[in-house]
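Have a look at the structure below, then the notes.
The values are calculated or read from the model by the stated rules, or taken from the named source; none is laboratory data. Keep in mind it's a predicted model, so treat the numbers as computed, not measured. Glycine also receives a Cβ, built like all others from the backbone with ideal geometry; neighbour counts cover every protein chain displayed. All accessible areas refer to the heavy atoms of the entire protein, side chains included, with ligands and DNA or RNA removed. Shrake-Rupley method; radii C 1.70, N 1.55, O 1.52, S 1.80 Å.
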Amino acid sequence: MVQRVAIAGFGAIGRVVAEALDRGIDGLALAAVSARDMARAERAMAGLARKVPVVPLARLVDAADIVVECAPAAVLRDIAEPALAAGRTLIVLSCGALLDNSDLIDLARRQGGRILVPTGALLGLDAVQAAAQGLISRVHMVTRKPPNGLDGAPYLVEHGISVLGIADARRVFTGTAREAAKGFPANVNVAAALALAGIGPARTTIEIWADPGVDRNIHRIEVEADAVRLSMQIENVPSVETPKTGRLTPLSVIALLKKLASPLAIGT
């Protein structure tokens, strides 16, 4: 049985995922997309072999068994509530927004829906989840990004911090994963994913650096647990279209989609 996939958000991430589905993923078929600029999304469809309808968010769930959220965090509920109420599988990239919308998990439980969070631009979440079955005493992440990848973040605007044109690396934030997700909603969904995999958003600590000396989005994770000590670093190439997003993020979604339908699944 082929499962229908709908994509909410047709920007740098959504288009890459759509193109992969268009090329073919066993057991899955692209059924519909939604975007704020529907006319632009229609034009972007020109490169696909099989055209699918571009529909409003409210109608997306009717076309899908699986909804992939690739949209701004502010519209997560608009996508998630109808999908989960209908018992659909929802793949969430704006997982930072889940921290303040935990009732969506209860909705999924009641209605038979499911929320899946891909690894995205991070690494080692399987290991962190495994360690969390025992006792974890500390999870800390240090993120370094080129300044243009952080410019305009709500936390920076609120505190009058300008990062454009800086000559040296500057730490612009230190705090919990929950605080980071609020202050940098387009930048550190990785912090929320790490927190959800491990010891929660209040105990997971984050540093964010604007660094003109790097051209990649760098995340270093340190975990202290009774079963393991982890030290991991990933350096993601930013998307040309959206520097706040790494090129690995849509590939992570594609890998998850393939895992859903594969007879062989690797990893926890």
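Figures for the structure shown
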read-out	value
Matching residues, segment 31-60, being open to solvent by 40 Å² or more (accessible area, probe 1.4 Å) and either within 23 Å of the chain's Cα centre (by Cα) or acidic (D, E) (or both)	R36, D37, M38, R40, E42, P56, L57, A58, R59
Tabulated pairs, segment 184-199, first within 17 Å of V172 (Cβ to Cβ), second part of a helix (DSSP H, G or I) and among the hydroxyl-bearing types (S, T, Y), C-beta under 9 angstrom, 6+ apart or interchain	F184/Y155
Any hit, segment 219-237, residues being within 20 Å of the chain's Cα centre (by Cα), among the hydroxyl-bearing types (S, T, Y) and either farther than 25 Å from G160 by Cα or open to solvent by 50 Å² or more (accessible area, probe 1.4 Å) (or both)	no
Some residue of segment 152-174 being out of contact with any helix residue (DSSP H, G or I) (no Cβ under 9 Å at 6 or more places or on another chain), at pLDDT below 95 and not aliphatic (A, V, I, L, M)	yes
Qualifying residue in segment 211-223 (condition: polar (S, T, N, Q) and either modelled with pLDDT of 95 or more or within 16 Å of A169 (Cα to Cα) (or both))	yes
Number of positions in segment 1-20 that are within 15 Å of C70 (Cα to Cα) and not in a strand (DSSP E or B)	12
Qualifying positions in segment 62-85 - open to solvent by 10 Å² or more (accessible area, probe 1.4 Å) and under 20 Å from G27 (Cβ atoms)	A63, D65
Yes/no for G96 being closer than 22 Å to I254 by Cβ, more than 17 Å from the chain's Cα centre (by Cα) and among the small types (G, A, S)	no
Number of positions in segment 113-151 that are closer than 21 Å to P238 by Cα, assigned to a strand (DSSP E or B) and polar (S, T, N, Q)	1
Failed criterion for Q3 (all others in (1) of a type outside the set (F, W, Y); (2) on the phi > 0 side of the Ramachandran plot; (3) open to solvent by 20 Å² or more (accessible area, probe 1.4 Å) hold)	(2)
Considering residues of segment 169-178 that are among the aliphatic types (A, V, I, L, M) and buried (at least 17 other Cβ atoms within 10 Å of the Cβ) only, the residue farthest from G198 (Cα to Cα)	V172
Pairs, first without any contact (Cβ under 8 Å) to a residue 40 or more places away in the chain in segment 57-72, second surrounded by 22 or more Cβ atoms within 10 Å (Cβ to Cβ), C-beta under 8 Å, six or more apart	R59/S34
Among the residues listed as N101, N148, the single one being at pLDDT below 95 and more than 19 Å from the chain's Cα centre (by Cα)	N148
Number of the condition not met by I206 [criteria: (1) crowded, with 16+ Cβ neighbours inside 10 Å; (2) closer than 26 Å to R15 by Cβ]	(2)
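A quick yes/no check of all residues on (1) open to solvent by less than 20 Å² (accessible area, probe 1.4 Å); (2) of a type in the set (F, W, Y); (3) in contact with a Cys (Cβ under 9 Å, 6 or more places away or on another chain):
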{"position": "P154", "(1), (2), (3)": "no, no, no"}
{"position": "I161", "(1), (2), (3)": "no, no, no"}
{"position": "A167", "(1), (2), (3)": "no, no, no"}
{"position": "A180", "(1), (2), (3)": "yes, no, no"}
{"position": "A193", "(1), (2), (3)": "yes, no, yes"}
{"position": "I199", "(1), (2), (3)": "no, no, no"}
